[in-house]
Amino acid sequence: MSRMHRDRLKRQGRLRLCVQVIAAAFLNGYAAGFVKKSIFTGKTKLFCVPVLNCYACPGALGACPIGAMQTVAGGKGRSISFYVLGLLMLFGTVFGRLLCGFLCPFGLIQDLLVRIPLKKLTVPRSADRLLRYLKYAVLLIMVLLLPAAVQNELGSGDPWFCKYLCPAGTLEGGIPLVLLNPTLRSLAGVLFTWKTAVLLSILILSVKIPRVFCRYLCPLGAFYALFNRFACYQMQVAEHKCIACGKCTSVCPMQLDVPQEICSGECIRCGRCKAACPADAIRTDFSVLREKQEHTA
Amino acid sequence: MKRKRILRLCGLLCGAALTALGILRGEPEVILQKAVKICLECIGIG
């Protein structure tokens, strides 16, 4: 890769990091929560944020869509949440997985961990293809089916994904609250140990495999993946410009064959491929606007 | 391209309709009630 493109890749990385940090600070902007050892209780929590951000985080200003979905599914009505589903459809149709690449705080954590200079692991292609389906199973089984189908002793459904798997909840909510609040610390038991082990496993794997949670486990990523192909925000490779050098594929954190899979549900629209392309063959834009421009030209 | 545009339009319309329906069913209040209390399951307490 030429020096110019290396610099461009670095600049793009820094810019994306800035956006990610600002988004994470904005979504968790209730700093007083960390001082008061409690969580925000204002009306902004009526609104679901578009990314995986635990509402039990002391700083969280909005509701987590995956947690909210399970709350309604496990509530009295035992139904899917139209409100959350509708909001996620709107977010997905406009942005697709651009939200994963630029706004998700847990994505930011993974992107920071992968900067640790250790040799990275390449998951064998066949295993990678198979493991990608896991996140759809997590969405269907742990987020939609089990909370509605299995009752706990109180007659409601447990939020299975939050309770047994979500590493963002442990990192953003569990660990700060358990450290800050002695009452919660005294209640921490086997489940907390399990969730901490899950979190640590994912964090350690994230050092070796870029965006491992987003690739294989995130139910929100699975949902947005369904919209990525036709979302308003699109990425395209101009075939007539592509020189098949493979640089785009080599920098992709999702281990995609970029020229073939850029339109797939797996692309998180991070833009690294575009920055690395020596032929400027990759285009990113809101296709609705482009179509309008092309129509008027 | 036309298929994508139709899907996009369907996504936006369905999304808006479902959000409105959810608001009419009072779902945001249910979510708020859960979100303003510390979710013990989310943090791994139980």
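The values are calculated or read from the model by the stated rules, or taken from the named source; none is laboratory data. It should be emphasised that the depicted structure is a prediction, and the values quoted were computed from it without experimental measurement. Methodologically, a virtual Cβ is constructed for each residue, glycine included, from the backbone with ideal geometry; neighbour enumeration extends over all protein chains shown.
Structural remarks
- The helices (runs of 4 or more DSSP H) found wholly in the stretch A:71-182 and carrying at least 2 residues that are among the aromatic types (Phe, Trp, Tyr) and within 11 Å of another protein chain (Cβ to nearest Cβ) occupy A:82-95, A:160-164.
- The lone exception for A:Gly59 - which of (1) within 10 Å of another protein chain (Cβ to nearest Cβ); (2) in a loop (DSSP other than H, G, I, E, B) it fails: (1)
- Close contacts from the stretch A:19-47, counting a first residue that is more than 16 Å from A:Pro65 (Cα to Cα) and away from chain B (no Cβ under 14 Å) and a second that is in a helix (DSSP H, G or I) and modelled with pLDDT of 95 or more, with Cβ to Cβ under 6 Å and a gap of 6+ residues or different chains, come to A:Val19/A:Phe102; A:Gln20/A:Leu108.
- Selected residue [closer than 30 Å to A:Gly77 by Cβ and in contact (Cβ under 8 Å) with a residue 40 or more places away in the chain] from A:Val123, A:Val114, A:Val150, A:Val138: A:Val138
- For the stretch A:203-225, the set of residues classified as among the basic types (Lys, Arg) and either buried (at least 21 other Cβ atoms within 10 Å of the Cβ) or under 13 Å from the mean Cα position of the chain (by Cα) (or both) consists of A:Arg211, A:Arg215, listed by residue number.
- Test: residue in the stretch A:212-227 that is aliphatic (A, V, I, L, M) and farther than 25 Å from A:Leu85 by Cβ: yes
- Residue within the stretch A:165-176 that is surrounded by 17 or more Cβ atoms within 10 Å (Cβ to Cβ) and farther than 18 Å from A:Pro58 by Cα present: yes
- Applying the set (1) closer than 13 Å to A:Gly67 by Cβ; (2) touching a Lys or Arg at 6+ places or on another chain (Cβ under 9 Å); (3) modelled with pLDDT of 95 or more to A:Gly157 leaves exactly one unmet item: (3).
- Screening A:Gly157, A:Gly174, A:Gly169 for residues that are touching a residue at least 40 places away in the same chain (Cβ under 8 Å), in contact with a strand residue (DSSP E or B) (Cβ under 7 Å, 6 or more places away or on another chain) and small (Gly, Ala, Ser) leaves exactly one candidate, A:Gly157.
- When each of A:Gly29, A:Gly67 is tested for being at pLDDT 95 or above, of a type in the set (Gly, Ala, Ser) and outside any loop (DSSP other than H, G, I, E, B), the lone residue that passes is A:Gly67.
- Selection of the stretch A:154-189 for residues being among the β-branched types (Val, Ile, Thr) and over 22 Å from A:Ile141 (Cβ atoms) yields A:Ile175, A:Val178, A:Thr183.
- Residue among A:Val258, A:Val237 that alone is touching a Cys at 6+ places or on another chain (Cβ under 6 Å), crowded, with 16+ Cβ neighbours inside 10 Å and not assigned by TED's automatic domain parsing to the domain that holds A:Pro117: A:Val258
Every residue, every condition in (1) β-branched (Val, Ile, Thr); (2) in contact with a strand residue (DSSP E or B) (Cβ under 9 Å, 6 or more places away or on another chain); (3) at pLDDT below 95, yes or no:
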position: A:Val19; (1), (2), (3): yes, no, no
position: A:Ala25; (1), (2), (3): no, no, no
position: A:Ser38; (1), (2), (3): no, no, yes
position: A:Phe47; (1), (2), (3): no, yes, no
position: A:Gly74; (1), (2), (3): no, yes, yes
position: A:Ile80; (1), (2), (3): yes, no, yes
position: A:Gly86; (1), (2), (3): no, no, no
